[in-house]
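*Asks:* Just passing along the structure, written as structure tokens.
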Amino acid sequence: MESVIEFKSISKKYKRGRRLFLKQALLDLFRPNKQEDFWALKDISFKIRKSETVGIIGDNGSGKSTILKLIAGVVAPTSGWISVNGKVSPLIELGAGFHPELTGRENIYLNGTILGLTEREIDKKFDEIVAFSELENFIDTPVKHYSSGMYMRLGFSIAISVDPDILLIDEILAVGDISFQKKCFEKIKEFKRKEKTIVIISHSMEVIRMFCEKAMLIRNGRCIGFGDTKKLVGSYIKYQDNS
């Protein structure tokens, strides 16, 4: 089966400033400001095939979210080669793409446009988006007044309305009430039945086991395992217990 996502020798470097004490900061006023290189990913290679659901697991700061951002095209790799074939709908950062001063209604059009929908397409999908989000009574309220759970509801509802080939989900299903989480899980199952490709980041090993045929274990920016979910989840839990 064809690969829809492929990473070949991908590395990603960020710059981060140093935490300086007063004396060091004063000295640095008279010389160039130096920033440390931080390698979020180091020489990562993998293939994800059409219709697969893959879970990415690992400690905080291991590089999981950077992988999703690279797939979504939000950031570019420092080195290596990426191929992504299909319409991508990223649910990476809660409320990313939302303007806090705009209403839920206005943000549906803004976010939908960012995800590649035309105004006419958003018009057709609007009622469906609002109904799934269960925010009918708040759709004309500026989203700066929304709770994190309301942000998640609206963001997820817009993301799935795009009918993507590839759905990226980063931990946000941990936000919100249990009934809406169940609703989201049912939608993910529906996407799986439609043979969509799904990549999930979650600290819940139960969620990873529930949905993912394959898992990727990331540690310190490196992929140390890609394959059977049960085996890799077991390895990760054992590592956590011993650390």
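*Asks:* Hey, any hits in the range 158-176 for a residue that's touching a residue at least 24 places away in the same chain (Cβ under 8 Å), touching a Ser or Thr at 6+ places or on another chain (Cβ under 7 Å) and farther than 27 Å from G86 by Cα?
*Replies:* yes
*Asks:* Next question. Output the residues belonging to the range 71-97 that are over 13 Å from the mean Cα position of the chain (by Cα) and charged (D, E, K, R).
*Replies:* Correct list: K87 only.
*Asks:* Mind checking which residues of the range 193-234 are assigned to a helix (DSSP H, G or I), touching a residue at least 24 places away in the same chain (Cβ under 8 Å) and surrounded by fewer than 16 Cβ atoms within 10 Å (Cβ to Cβ)? Full working, then the answer.
*Replies:* Looking only at the range 193-234, we keep the residues that are assigned to a helix (DSSP H, G or I), and these are 193, 205-211, 229-234.
In the following step, the residues that additionally are touching a residue at least 24 places away in the same chain (Cβ under 8 Å) were identified as 205, 207-211, 229, 232-233.
Once the filter is applied, which keeps residues that are assigned to a helix (DSSP H, G or I), touching a residue at least 24 places away in the same chain (Cβ under 8 Å) and surrounded by fewer than 16 Cβ atoms within 10 Å (Cβ to Cβ), the range 193-234 yields only R209.
*Asks:* If you go through the range 180-191 one residue at a time, do you hit one that is surrounded by fewer than 16 Cβ atoms within 10 Å (Cβ to Cβ), of a type in the set (F, W, Y) and either assigned to a helix (DSSP H, G or I) or modelled with pLDDT under 95 (or both)?
*Replies:* Looking for residues that are surrounded by fewer than 16 Cβ atoms within 10 Å (Cβ to Cβ), of a type in the set (F, W, Y) and either assigned to a helix (DSSP H, G or I) or modelled with pLDDT under 95 (or both), one finds at least one in the range 180-191, hence yes.
*Asks:* Considering (1) surrounded by fewer than 16 Cβ atoms within 10 Å (Cβ to Cβ); (2) within 20 Å of the chain's Cα centre (by Cα); (3) not in a strand (DSSP E or B), say which one I67 fails and leave the rest.
*Replies:* Going through (1) surrounded by fewer than 16 Cβ atoms within 10 Å (Cβ to Cβ); (2) within 20 Å of the chain's Cα centre (by Cα); (3) not in a strand (DSSP E or B) one by one, I67 breaks only (1).
*Asks:* Next question, about the same structure. Testing G97 on (1) part of a loop (DSSP other than H, G, I, E, B); (2) surrounded by fewer than 16 Cβ atoms within 10 Å (Cβ to Cβ), one condition comes back false. Which one is that?
*Replies:* It fails just one condition, (2).
*Asks:* Could I ask something else about it? Looking at L27 and the list (1) on the phi < 0 side of the Ramachandran plot; (2) outside any strand (DSSP E or B); (3) modelled with pLDDT of 90 or more, which single condition is not satisfied?
*Replies:* In the conditions (1) on the phi < 0 side of the Ramachandran plot; (2) outside any strand (DSSP E or B); (3) modelled with pLDDT of 90 or more, L27 misses (3) alone.
*Asks:* Looking at this structure, is N107 closer than 29 Å to D140 by Cβ, assigned by TED's automatic domain parsing to the domain that holds K144 and modelled with pLDDT of 95 or more?
*Replies:* On the way: closer than 29 Å to D140 by Cβ: yes; assigned by TED's automatic domain parsing to the domain that holds K144: yes; modelled with pLDDT of 95 or more: yes.
Yes, satisfied.
*Asks:* In the range 100-152, what residues are of a type in the set (A, V, I, L, M), part of a loop (DSSP other than H, G, I, E, B) and under 14 Å from D163 (Cα atoms)?
*Replies:* Once the filter is applied, which keeps residues that are of a type in the set (A, V, I, L, M), part of a loop (DSSP other than H, G, I, E, B) and under 14 Å from D163 (Cα atoms), the range 100-152 yields L115, L117.
*Asks:* Out of the residues in the range 132-146 that are under 13 Å from F156 (Cα atoms) and in contact with a Gly (Cβ under 9 Å, 6 or more places away or on another chain), which is modelled with the highest pLDDT?
*Replies:* Quick first cut of the range 132-146, residues under 13 Å from F156 (Cα atoms) only: 132-135.
The next check asks that each one be in contact with a Gly (Cβ under 9 Å, 6 or more places away or on another chain); those that pass are 133, 135.
Working: S133: 94, L135: 97.
In this case the residue turns out to be L135.
*Asks:* Output the qualifying pairs, or none if there are none: Cβ atoms under 6 angstrom, residues six or more apart or on different chains, first residue in the range 114-131 and modelled with pLDDT under 95, second residue of a type in the set (A, V, I, L, M).
*Replies:* Once the first residue is modelled with pLDDT under 95 and sits in the range 114-131, its partners that are of a type in the set (A, V, I, L, M) give L115/V162.
The values are calculated or read from the model by the stated rules, or taken from the named source; none is laboratory data. What you see is a predicted model; the values in this text were computed from it and never measured. Cβ coordinates were reconstructed from backbone atoms using ideal geometry, including for glycine residues, and neighbour counts include every protein chain displayed.
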